[in-house]
Amino acid sequence: MKKLNLNSLFLIIAFTLVIFTGCDKEDDLMAPELGSTEVLYISHNSATIAGSITSDADVSISDRGVCWSTESGPTINDNSIVTGGSDNNFTIEIEDLDLETTYYVRTFATNDDGTAYGSEVTITTTSSLEDIDGNTYNTVVIGDQNWMAANLITTTYNDGESIPNVTDNSSWSNLETHAYAWFDNNPDRDDLGAYYNWYTVSTGKICPSGWRVPNEADWDTLIDFLGSNPGDKLKRTPTAMYGNANETGFTAIMSGYRGGGNGAFGSVGEWAIYWIGEDYDLSQEWPDLIKLESTSTGVDKTFFSPQTGASIRCIKE
């Protein structure tokens, strides 16, 4: 019987390994590919992150989500959260973060070949804001803007001057000077914020130092960034029928207003009205305001008399 030489034996073994390897792995597996990691909103204890999978490499993806750490290069072995959906475009809110802390964040996707990561972004959770009266407010970053996350309640300008509190309806409706009021003239209703007339806004010193009443361009930037149903993303209402997502953390409440014509309080639970901080020629036109309604997912611009008492949200300069 003819014996195989050593070289022939090695060739047979190598050929056999190639055959079996090809049977076990018909195609080379590849990890998925991800697009940029995007930051949508940042609050004092949370952040909302958007990610996208640009290629699944024709291999089923088992997990997709976000990971984060206080050190660069976070992985799924650090803090991570997985989305329950199967969409290649996903949005996830990270919660229970520490105040005024910097985190490194990446999106990720996992298939049988391993885990791939999106680009790394840095976020810093927001700090609280204090007005001259010592009231504190949470703040929220939406896109590139930093907003107060509650209605202003200061009764003092940032230079120390007191703002008059006018309670009489007739006096309020005839004012051509600055003033504020509480709902039903009850200071315990500061949960709705204070109502300020236009003359108060026009002083330019109602917001804490380094902050200001947002102008029309600021509101336009916010609305454009939010895209569809911006009111739904901004507001917290008693009912979810017409949107109550508040996904931004802006927490617009239906605080109503004080009428400029009769000084009466109204529309609590129905409307949120915010002053736009711009100069107007009051001899020719009334100032503009932003209006959200409990029965709408949009954001409208409207106008009222300068005697109207409306809410204020400050934006960082």
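The values are calculated or read from the model by the stated rules, or taken from the named source; none is laboratory data. In this text, all values refer to a predicted model and were calculated from it rather than measured experimentally. Every residue, glycine among them, receives a Cβ derived from its backbone with ideal geometry; neighbour counts consider all protein chains shown.
Structure summary
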read-out	value
Given (1) surrounded by 15 or more Cβ atoms within 10 Å (Cβ to Cβ); (2) more than 28 Å from the chain's Cα centre (by Cα), number of the condition ASP184 does not satisfy	(1)
In the stretch 92-111, the residues that are surrounded by 17 or more Cβ atoms within 10 Å (Cβ to Cβ) and within 21 Å of the chain's Cα centre (by Cα)	ILE92, ILE94, LEU97, TYR103, TYR104, VAL105, ARG106, THR107
Qualifying positions in the stretch 289-307 - in contact (Cβ under 8 Å) with a residue 60 or more places away in the chain, assigned to a loop (DSSP other than H, G, I, E, B) and within 18 Å of ILE253 (Cβ to Cβ)	SER296, THR297, GLY298, VAL299
Residues of the stretch 188-227 satisfying the condition of being surrounded by 12 or more Cβ atoms within 10 Å (Cβ to Cβ) and more than 28 Å from the chain's Cα centre (by Cα)	TYR199, THR203
Unmet criterion (only one of (1) modelled with pLDDT of 95 or more; (2) within 24 Å of the chain's Cα centre (by Cα); (3) exposed (fewer than 15 other Cβ atoms within 10 Å of the Cβ)) for SER36	(1)
Any hit, the stretch 280-288, residues being in a loop (DSSP other than H, G, I, E, B) and modelled with pLDDT of 95 or more	no
Subset of the stretch 268-298 (residues that are among the polar types (S, T, N, Q) and more than 20 Å from LEU175 (Cβ to Cβ))	SER294, THR295, SER296, THR297
Residue in the stretch 215-229 that is in the same structural domain as HIS178 (by TED's automatic domain parsing), closer than 24 Å to GLU176 by Cβ and not aliphatic (A, V, I, L, M) present	yes
Qualifying residue in the stretch 169-177 (condition: surrounded by fewer than 22 Cβ atoms within 10 Å (Cβ to Cβ), touching a helix residue (DSSP H, G or I) at 6+ places or on another chain (Cβ under 9 Å), among the β-branched types (Val, Ile, Thr) and modelled with pLDDT of 95 or more)	yes
Where a residue in the stretch 78-91 is in a strand (DSSP E or B) and its partner, wherever it lies, is exposed (fewer than 15 other Cβ atoms within 10 Å of the Cβ) and not aromatic (Phe, Trp, Tyr), with Cβ under 8 Å and at least six apart	VAL82/ASP63
